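Peer 1: If you scroll down you'll find the structure; I have some questions about it.
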Protein chains: 2
Amino acid sequence: MTKLDELYAKLTLPTKAKLALVVLDGVGDLATKDSGFLTPLEAAKTPNMDQLSRESIQGRMTPVAPGITPGSGPGHLALFGYDPIDTQVGRGVIEALGLGLELKSGDVAARANFCSLDAEGLVTDRRAGRIETEECERLCAMLSAKIKKVSDAEVIIQPGKGHRFVVIFRGKGLEGPLSDTDPQREGLPIADAAPVDASSKKAQKAAKLIKAFYEKALPIIKNERPANGFLMRGIAHQPNIPTFEERYQLKAACLAVYPMYKGLAQLVGMDKIEGPQSISEQFNRYLEEYDNYDFFFIHYKYTDMYGEDGNFEAKKKAIEELDEALPILLQKRPDVLAITGDHSTPCPMKGHSWHPQPVLLTSDVSGSDKLDRFTETGANIGSLGQLEAKFLMRHMQAHARMFDKFGA
Amino acid sequence: MTKLDELYAKLTLPTKAKLALVVLDGVGDLATKDSGFLTPLEAAKTPNMDQLSRESIQGRMTPVAPGITPGSGPGHLALFGYDPIDTQVGRGVIEALGLGLELKSGDVAARANFCSLDAEGLVTDRRAGRIETEECERLCAMLSAKIKKVSDAEVIIQPGKGHRFVVIFRGKGLEGPLSDTDPQREGLPIADAAPVDASSKKAQKAAKLIKAFYEKALPIIKNERPANGFLMRGIAHQPNIPTFEERYQLKAACLAVYPMYKGLAQLVGMDKIEGPQSISEQFNRYLEEYDNYDFFFIHYKYTDMYGEDGNFEAKKKAIEELDEALPILLQKRPDVLAITGDHSTPCPMKGHSWHPQPVLLTSDVSGSDKLDRFTETGANIGSLGQLEAKFLMRHMQAHARMFDKFGA
């Protein structure tokens, strides 16, 4: 724990306030000539957010560090107030969470993908001709059927999209990270997974398991074509992160539709609330669960999805749809409400980016930045200024009056 | 010293410039619906600051860290350029300074308050029914008259407001911090003050002194009612802080009316200039002392005081009063002038807060942010941006051309 985190912990007071964090995934965007110099957030009709804006403060958040584009993992960990550089989560773990797998403490997870091998066992295609998802599912089912355990560890195999799948080793005394078995280029054999920290007994054990797993698995698919082998990457265990409740003294619930975000929330110990499939349903469920939690993380995927597609109109409509649903949430207005993204996903870039996402924060002690709308350009002149995303939680706590005065 | 502080020290050049820091205590505020979305600074008529603003730059300062509300101690230490987390001053010391006591290096100071004890010595009221100041003064006088020394240490007892007082132990080889003797709840005996660092010989000696002090003092007041005991908290020594002059090569003077701020200035080695009782008198005294110092810290209390009262109109008027006096200061315009607060004290909160205070900085090389007024909303878009308060001194030094170029 840093000195500053220690100070926050020392000053933390209990609260009866309700805090809500509404994440429009990838909401930040770019104003370009092609879009008439408007971002989707600026082009969208958002009467409800406009109304909120008058009693809110705004700012722009650097997700990780200047110029760094985060994946969903670091993006959300920062929103949850964890330093995204100090709290790195292995890609195997993120991938497993994204496929909806429930990880347990001590699990070692790996991203895997099918590949093609020649008669000598050398990799001839690292992605097995990018086989279809159905073929991947069939092969994973074959492996799952024949391999339940390796040594004393349970093995869980879950197909993903295309040639990708995830393998989880659930046993005692395991840990990552291990080096990839992907040799990075064709013409080489599958590499051994080796402990990154050579002195770790637990990682040595995990390395042996993976070797044994290969010895069992390769014979099962050896006659398949083109996918007669597989490579493993990002082999890691679920990190030991202090839970959200330990860190903030807030009992937290996750209202997300997509597994990745439920997984990330679960990683910090939030309760996953299952059921809601649309933002209206999510907000309605918030109303029902209002008394049961202190903190609500409400995740909205579509802004990111359409940003990735480069579909300006659809991203704009997705924002309008959320805005239309907002009055449901406001029926029991949270004492502290933040609306933001986990990063930007600019339509012109068709992908995540480093551009700071706008954030709006409102509470009875937020005052007002006197901005008529919640937009990137407005957020530039808000009193939250440019801040690191990891500090948003601290601002929210302050607005919930959760910090005692520091010093006399 | 941090790497950055080392760099600043290395680059520091002597200067003939005059620097002035005018602190409107707690000036920052919130724009709310109730106040027509204006802050006191925005509502106030401030023709002189408006005039300055055109040749100034502005920004907003985070007093300590996001969401952290500082007391006057950390607030001012940050303004004086000291990291307020690394440079923590014990509450006993702050309290002693606030009562106008002169502390010497090595003094151990404690906040104390009278309490009620039952026949078994258990605390029945931790505040002795909140006795009047006069009663506290009488009891302190009794203790002072009979206890001049404990072992080889001088004892200084000074009454405060209500049930509160301060005890200073002045001797050799003493240090804090010690744990509180306040048991935190009724029904328990007075606790022993124990060294926080159990291995510190100096703190052990201080702990023994405090035990001996109790043995002498309790019998003196044992027949008093309701205040027949006392509790001690925040037992600490004056920290060893490099002086302002050592740190900045600036000979500094403090023009403050209230003892707390004189005390804080004294803590970093500024000269206290006694006499002035109003802001006009403070500015006039600045004119007189102009040639004697390089740096002037001019403290104005009333903005904070009326903020604590939640009195918007009075806070606004206090700002107008300072503005009216400003031309006196400008008769000998400082080469570098900063006007700011040590934190915000928003009227709606009736207390200190974490909201960033606005800052205005003017010099012959400040340029202009082209803002017509000095306000919170204007400061949001100033070229100083959002900065940590501890960096204001470095900006002031830079504007005084006190830093050599870094690297070729």
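Peer 1: Could you go through the range A:4-21 in sequence order and give the Karplus-derived ³J(HN,Hα) for each residue, using 6.51 cos²θ - 1.76 cosθ + 1.60 with θ = phi - 60°, rounded to whole Hz, and x for Gly and Pro?
Peer 2: Going residue by residue, I get 5, 4, 4, 5, 4, 4, 5, 8, 5, 10, x, 9, 9, 5, 9, 10, 10, 10 Hz, with x marking Gly and Pro.
Peer 1: I've got another one for you. For residue B:31, what is the net charge nearby, where nearby means another residue's Cβ is under 15 Å from its Cβ and Lys, Arg count +1, Asp, Glu -1?
Peer 2: -1
Peer 1: I would also like to ask the following. Working from the pairwise distances between different alpha carbons, so that the mean of 1/r is found and then inverted, what is the range B:93-237's Kirkwood radius in Å?
Peer 2: When all Cα pairs of the range B:93-237 are included, the Kirkwood radius is 14.9 Å.
Peer 1: A further question on this structure: May I ask you to derive the relative contact order of the range B:93-237, considering only C-alpha pairs under 8 Å and at least 6 residues apart, and to give it as an integer percent?
Peer 2: 33
Peer 1: Taking N as the number of residues in chain A, what value does Rg over Cα atoms divided by 2.2 N^0.38 Å take?
Peer 2: Ratio of Rg to 2.2 N^0.38 Å for chain A: 1.06.
Peer 1: What is the spread of the Cα atoms of the range A:115-155 along each of their three principal axes, largest first, in whole Å?
Peer 2: 33, 26, 13
Peer 1: Give me the distance between the Cα centres of the range A:99-156 and the range A:164-220, rounded to whole Å.
Peer 2: The range A:99-156 and the range A:164-220 have Cα centres spaced 12 Å from each other.
Peer 1: Exposure proxy check: A:91, B:170 ranked by fewest other beta carbons within 10 Å?
Peer 2: B:170, A:91
Peer 1: Turning to a different aspect of this structure: Whole Å is fine, so just give me how far the alpha carbon centre of the range A:1-68 lies from that of the range A:336-360.
Peer 2: 8
Peer 1: Okay, next question. Output the relative contact order of chain B, whole-number percent, from Cα pairs under 8 angstrom with separation of 6+ residues.
Peer 2: 34
Peer 1: Same structure again: So if I place +1 on the C-beta of Lys and Arg and -1 on the C-beta of Asp and Glu, and nothing else carries charge, what would the dipole magnitude of the protein assembly as shown be about its Cα centre? I want it in debye, nearest 20.
Peer 2: 1880
Peer 1: Of all the residues in chain A, which one has the C-beta that comes nearest the axis relating A to B, and what is the distance in Å?
Peer 2: Closest Cβ on chain A to the axis mapping it onto B, in Å: A:381, 3.
Peer 1: Shifting gears a bit: Around residue B:281, under 13 Å between beta carbons, what's the net of Lys plus Arg minus Asp minus Glu among the other residues?
Peer 2: Net of charged neighbours comes to -3.
Peer 1: Which one, A:43, A:13, A:26, projects farthest toward the positive side of the charge dipole computed for the range A:1-43 from Cβ point charges (K/R +1, D/E -1)?
Peer 2: Result: A:13.
Peer 1: As a test of the formula, what do you get for chain A when each DSSP H run with n ≥ 4 contributes -39,500 (n - 2.57) and the sum is divided by the residue count, at 222 nm and rounded to the nearest 500 deg cm²/dmol?
Peer 2: Mean residue ellipticity, 222 nm, calculated: -9500 deg cm²/dmol.
Peer 1: Right, another one. Give me a comma-separated list of calculated 3J(HN,Hα) values for the range B:22-29, in order, Karplus coefficients 6.51, -1.76, 1.60 applied at θ = phi - 60°, integers in Hz, x for any Gly or Pro.
Peer 2: 9, 9, 8, 3, x, 5, x, 8
Peer 1: To continue, here is another question. Hey, could you pull the Cα Rg and Dmax for the range A:238-378, both in Å?
Peer 2: 15.7, 44
Peer 1: Here's a follow-up. Could you give, in nm with one decimal, how far residue B:132 is from each other copy of that position, shortest first, with labels 7 Å out from Cα toward Cβ?
Peer 2: Result for residue B:132, in nm, nearest copy first: 9.3.
Peer 1: Another one. List the distances, in nm and shortest first, from the label point of residue A:272 to the matching label points in every other copy, placing each point 7 Å from Cα along the Cα-to-Cβ direction.
Peer 2: Taking the point 7 Å beyond Cα along Cα→Cβ, the inter-copy spacings are 6.3 nm.
Peer 1: Filter the trypsin sites (Lys or Arg not before Pro) in the range B:372-408 down to the DSSP loop ones having no more than 10 other Cβ atoms within 10 Å, then list what survives.
Peer 2: Filter output for the range B:372-408: B:405.
Peer 1: Follow-up. What's the local net charge at residue B:61, with K and R +1, D and E -1, over the other residues with C-beta under 13 Å away?
Peer 2: Local charge sum for residue B:61: 0.
Peer 1: Cross-chain or 8 or more residues apart, Cα under 19 Å: how many lysine pairs in the range A:189-294 fit that? Count them up, please.
Peer 2: Lysine pairs, 8 or more places apart or on different chains, close enough: 8.
Peer 1: For the range A:120-157, state which GluC sites (Glu not before Pro) are in a DSSP loop and have at most 11 other beta carbons lying within 10 Å of their beta carbon.
Peer 2: Taking the range A:120-157 and a limit of 11 other Cβ atoms within 10 Å, the loop GluC sites (Glu not before Pro) found are A:120.
Peer 1: Moving on to the next point. Based on other C-beta atoms within 10 Å, arrange B:302, B:261 from fewest to most.
Peer 2: If I rank by nearby Cβ atoms, fewest first, I get B:302, B:261.
Peer 1: Above 54 angstrom, tally the Cα pairs of the protein assembly as shown and express them as a % of all pairs, no decimals.
Peer 2: Taking all Cα-Cα pairs of the protein assembly as shown, the fraction more than 54 Å apart is 24 percent.
Peer 1: Would you work out the Kirkwood radius for the range B:23-63? I mean one over the mean of 1/r across all pairs of different Cα atoms, in Å.
Peer 2: 11.8
Peer 1: Further question: With +1 on each Lys and Arg Cβ and -1 on each Asp and Glu Cβ, how big is the dipole of chain A about its Cα centre, in debye rounded to the nearest 20?
Peer 2: Here the size comes out at about 940 debye.
Peer 1: Placing a label point 7 Å from Cα toward Cβ, how far apart in nm is residue A:5 from its equivalents in the other copies, listed shortest first to one decimal?
Peer 2: Label-point distances to the other copies, shortest first: 2.4 nm.
Each value in this text was obtained by applying a stated rule to the coordinates, not by laboratory testing. Keep in mind the model is a prediction, meaning the values are calculated, not measured. Note: ideal-geometry Cβ built from the backbone for every residue, glycine included; neighbour counts use all protein chains shown.
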